[in-house]
Amino acid sequence: MITLPRIISARFRIAITVKLRIILTAMRKSVQLLNATSGACLLCGNMDRKPRHPSFASLCTACFDQIPWITRIECQVCGRPEYCPDCSRRSDAAFIWNRSAVRYNALIREWLALYKYRGHEALAPLLGEMLLAAYHGLIKTLNHQHPLPLQSQHPIDAIIPVPVSSERLAEREFNQAERLGAYLAEHTLIPLHNVLERTRHSGKQSYKTRGARLRDTHNLFTANPALTGSMLSSLDQPHIRLIVVDDIYTTGSTANACAAALADEIKRQQPAALVELFVLTLARS
Ligand SMILES: [Zn+2]
Ligand SMILES: [Zn+2]
């Protein structure tokens, strides 16, 4: 009569302890993400944080070392780190080069998912710094291969984010390409011009084959005439260099369609303009 309640209470105690441990782990993870600036690593919560790089001070050494940086480029057009059959097939490249900061591996997929779908805004400066690193790589190559006219202040005149559809915007409440572009604009002092618009909703690109993506993205974007006009009058020069910014480069069809839409509208408004378009993406899949 006395032992039975004791057995029940022991089981109950174990169940309570397990549940408490789950709750505490979840709470600790949330606190780690919230208190990213207070000393713990933004991604793993490691308190013993000795950053390898001042721009990545929110990460511990172990997390920083996992970033799959693209250090050696095999395809000069799309910035791919290995042999690239896509660019040799492409006959209508509307942009000069794409440069991506990192490979799109499982880790980067997870970081982008935390940011895009789970709203971990604390990741924004980290992803922005990664894009900034790709920007510096692009400018280094640009200065080496296409030296600037002496009178140019900036190597690039404007940053143009790839737009998301209004359906996607309603889902996520923000456009990740625009946020990345804004970070780049803030740190390079290059103006951001939101001139591109989607003509329709194209569905999730990640579920489609290469052929389907290419068909789908044709004429998917348009450059708003009034916004493009005000961008051109603010730049007021015959030689225009623009960067299209997005989070992921897969087949390049999105970037290409955006660059083509921009080039078309600029040529329509300023037929004599020399337009050079580049693409900057966070991850290369
Ligand atoms: Zn860490
Ligand atoms: Zn390529």
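Using a ≥ b ≥ c from the Cα gyration tensor of region 67-284 (square roots of the eigenvalues), is it rounded, prolate or oblate, where a/c under 1.5 gives rounded and otherwise the larger of a/b and b/c decides, a/b for prolate?
Taking the square roots of the gyration eigenvalues as a ≥ b ≥ c, region 67-284 is rounded.
How big is the convex hull of the Cα atoms of region 70-189, per residue, in Å³? Each step should come with its number before you reach the end.
Values: hull volume 16.7 nm³, N = 120.
It is 140 Å³ per residue.
Quick check: Cα centre of region 234-285 to Cα centre of region 67-110, how many Å?
Answer, in whole Å: 17.
Taking amide H positions as placed 1.01 Å from N in the peptide plane, with prolines and chain starts having none, which residues 5 or more places from SER100, or on another chain, fall under 5 Å of its amide H?
Hits under the 5 Å cutoff: THR281.
Grab the other residues whose beta carbon is less than 10 angstrom from that of GLY119, score K and R as +1, D and E as -1, and report the net.
Details: positive: LYS116, ARG118, ARG172; negative: GLU121, GLU173.
With Lys, Arg at +1 and Asp, Glu at -1, the net is +1.
Tell me the relative contact order for region 67-284 as a rounded percent, counting alpha carbon contacts under 8 Å between residues six or more apart.
After rounding, I find 28 percent.
Name the residues whose placed amide hydrogens come within less than 5 Å of the amide hydrogen of GLU276, ignoring near sequence neighbours (fewer than 5 apart) on the same chain.
ILE240, ARG241, LEU242
Let's see if you can work this out: charge +1 on each Lys and Arg Cβ, -1 on each Asp and Glu Cβ, no other charges. What is the dipole magnitude of region 217-285 about its Cα centre, in debye to the nearest 20?
100 debye
For region 93-146, which trypsin sites (Lys or Arg not before Pro) are in a loop by DSSP, counting at most 13 other Cβ atoms within 10 Å?
ARG118
In sequence order, what are the phi-derived ³J(HN,Hα) couplings for region 182-193 according to the Karplus relation 6.51 cos²θ - 1.76 cosθ + 1.60 with θ = phi - 60°, rounded to whole Hz, with x for glycine and proline?
Residue by residue, region 182-193 yields 5, 5, 5, 4, 5, 8, 10, 6, 8, x, 9, 10 Hz.
How much net charge surrounds ILE73 when only other residues with a Cβ under 9 Å from its Cβ are counted (Lys, Arg +1; Asp, Glu -1)?
Net local charge, ILE73 excluded: +2.
Let me know the Kirkwood hydrodynamic radius for region 240-285, please, with Cα pairs as the basis and the value in Å to one decimal.
For region 240-285, the Kirkwood estimate is 11.2 Å.
Laboratory data are not the source of any read-out in this text; all were calculated from the coordinates shown. This structure is a prediction, so every number in the text was calculated from the model and none was measured. Counting neighbours? That spans all protein chains shown, and the Cβs are built from the backbone with ideal geometry, glycine included.
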